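Here is the structure we will look at, set down as structure tokens.
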């Protein structure tokens with residue numbers, strides 16, 4: 001087969017239970033093959049190039065690599081010859097043992113022969129040297145890295161013809177071993193590259209490599225079988241054919257060194273690049289002609305020593321040093337004659353391959369108005385809002401918005417958007433909590449007032465009848481003792497005190513009654529004038545009306561509101577023993593009317609404010625008040641479904657003392673119900 005196509009193979013999947021919405025995988029994916037849905041990241045199979053960056057950077061281990069263990073177990077259980085081919089990057093992984101111990105452990109695992117891919121790299125290096133020598137006008141990109149090949153096929157399809165038509169070292173060694181061991185032999189690749197799993201399943205490589213393991217999987221198989229590398233004395237080596245400088249392939253420019261090529265900075269014929277950012281930029285420069293290199297030597301990782309299939313996290317220079325050290329040791333015992341014979345044996349080995357386009361570019365861009373609409377939904381209505389912070393995983397806010405339109409991302413990925421939405425939610429919760437607390441306090445107060453009302457009604461009913469009899473006989477006694485001043489004085493005292501008790505009981509009945517509000521269109525401006533006309537004003541008290549009402553008519557119970565205003569004026573007047581001014585302000589909106597009564601009196605102490613509307617609470621002297629006026633007024637306002645609020649200052653050091661009561665009433669019965677319903681919803 002000559003198609004560079006792979007069957008459906010999901011190389012990397014997400015463990016949803018571990019994904020924490022950090023978007024690191026989105027940020028590190030060079031082709032943005034990560035889609036976010038409901039806050040969960042998933043790898044898009046067709047867009048993935050198998051670089052493994054998402055696996056490496058995921059701190060929660062939420063990325064799972066396609067396992068080759070089951071396939072390998074099945075091969076080892078068969079009766080056919082199974083060969084392991086190990087990537088030359090193995091010294092950077094198995095620092096806990098030498099090569100002989102690793103080879104012996106692989107044989108114990110069940111492999112019939114163990115080979116190093118370094119020889120396949122030597123074959124490939126020779127093929128590159130011959131290609132450049134034969135085609136001096138051609139421009140090629142090196143193809144040992146399957147992730148780079150996948151990137152070009154999917155995202156730079158115009159450059160597919162520039163891919164060097166040479167297989168990777170893995171395929172080269174597999175074909176060489178099939179010639180030596182027979183086509184029935186089974187081959188398992190072991191290395192650090194996830195993309196190799198995809199390459200092994202290309203249709204044109206069918207029968208070359210049967211399974212691929214990462215170093216992580218190999219260590220898991222060792223652990224399962226109880227093979228401990230560090231404690232194994234061994235005197236073993238890889239089976240032939242042995243490699244030479246191909247052992248440097250895992251390093252940047254390793255291909256050039258093995259092929260006898262060099263990156264000449266003067267001629268620029270050969271250019272090397274590696275890493276997530278640089279390899280894509282180098283390909284773009286190659287495409288645009290910014291570089292005239294005949295060979296672009298590129299690796300997706302910073303050399304194969306940084307593949308995602310390693311089990312530890314040593315820095316790149318440490319890993320390079322381990323590979324270089326192992327290559328030097330191999331050179332000390334290198335059998336040049338045997339190597340040359342092997343190279344001659346496979347001089348005619350077919351190392352060719354072909355490539356087909358598998359275009360995965362998302363070139364469609366949203367219309368400008370749709371893109372702007374998405375940005376505005378993200379809270380980015382002006383250029384200064386485009387922070388380009390990268391928290392979403394995309395380099396710019398515009399790229400994020402495009403990804404949202406393409407279905408790859410969500411608006412909620414934007415950190416400033418999420419923070420602002422969280423701030424608004426906190427503010428709304430705080431406001432709702434304040435409203436709930438106010439409603440709770442009002443409910444407690446209402447329950448208390450209701451209980452007091454029931455008690456007051458019972459007391460008034462029981463006391464009123466005997467009090468009436470007492471008052472009747474006291475008046476009769478007063479009429480019969482005109483000739484006895486002493487008795488008359490006592491009888492008069494009894495009458496006065498009985499009348500006082502009757503007044504208190506009358507107040508109790510007013511507080512306790514469950515009167516209905518009889519609403520009628522009432523001119524509030526005229527109502528206040530009528531109150532002031534009959535109100536017993538003291539000489540040193542001035543009452544001023546500040547009328548700001550455009551429409552003075554409201555549907556209220558006039559008699560009850562007169563009682564409220566009268567109680568408020570009486571309290572204000574009592575609070576100004578030295579006289580002063582009382583200001584009545586009338587105001588309102590289309591929905592409510594507002595009556596504000598403010599005095600210049602002594603003010604109310606802060607610790608008394610929450611008791612003002614409690615029955616029998618008063619700061620007046622004995623005989624000057626019952627403590628029921630404000631409680632009755634509060635009840636009337638609540639029956640109107642209105643609100644009453646108080647503001648006061650009793651400390652002269654903080655400024656002029658005063659007390660202001662503000663009464664808000666719905667203008668009409670319909671607005672009353674609406675306001676009540678709104679409060680009900682808020683409190684619920």
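From 321, 373, 341, 290, which residue is farther than 25 Å from residue 199 by Cα and not assigned by TED's automatic domain parsing to the domain that holds residue 125?
After applying the criteria, what remains is 373.
Counting only residues that are over 47 Å from the mean Cα position of the chain (by Cα) and either in contact (Cβ under 8 Å) with a residue 40 or more places away in the chain or in a helix (DSSP H, G or I) (or both), how many does the stretch 249-289 have?
5
Go through (1) surrounded by 12 or more Cβ atoms within 10 Å (Cβ to Cβ); (2) at pLDDT 90 or above one by one and return the number of the condition residue 433 breaks.
In the conditions (1) surrounded by 12 or more Cβ atoms within 10 Å (Cβ to Cβ); (2) at pLDDT 90 or above, residue 433 misses (1) alone.
Taking the stretch 125-160 on its own, how many of its residues are free of Cβ contacts under 8 Å to residues at least 24 places away in the same chain and not in a loop (DSSP other than H, G, I, E, B)?
Count: 3.
Would you pick out the residues in the stretch 290-302 that are in a loop (DSSP other than H, G, I, E, B) and touching a strand residue (DSSP E or B) at 6+ places or on another chain (Cβ under 6 Å)?
Those that are in a loop (DSSP other than H, G, I, E, B) and touching a strand residue (DSSP E or B) at 6+ places or on another chain (Cβ under 6 Å): 291, 293, 302.
Which of the residues that make up the stretch 324-366 are modelled with pLDDT under 90 and within 19 Å of residue 407 (Cβ to Cβ)?
Once the filter is applied, which keeps residues that are modelled with pLDDT under 90 and within 19 Å of residue 407 (Cβ to Cβ), the stretch 324-366 yields 362, 363, 364, 365, 366.
Being touching a helix residue (DSSP H, G or I) at 6+ places or on another chain (Cβ under 8 Å) and modelled with pLDDT of 90 or more is the filter; apply it to the stretch 571-587 and report the residue that is nearest to residue 518 (Cα to Cα).
586
Does the stretch 563-580 contain at least one residue that is without any contact (Cβ under 8 Å) to a residue 12 or more places away in the chain, outside any loop (DSSP other than H, G, I, E, B) and surrounded by fewer than 18 Cβ atoms within 10 Å (Cβ to Cβ)?
No, the stretch 563-580 has no match at all.
The values are calculated or read from the model by the stated rules, or taken from the named source; none is laboratory data. Just so it is clear, the structure is predicted and the values come from calculations on it, not from any experiment. All Cβ positions, even for glycine, are placed from backbone atoms using ideal geometry, and neighbour counts span all protein chains on display.
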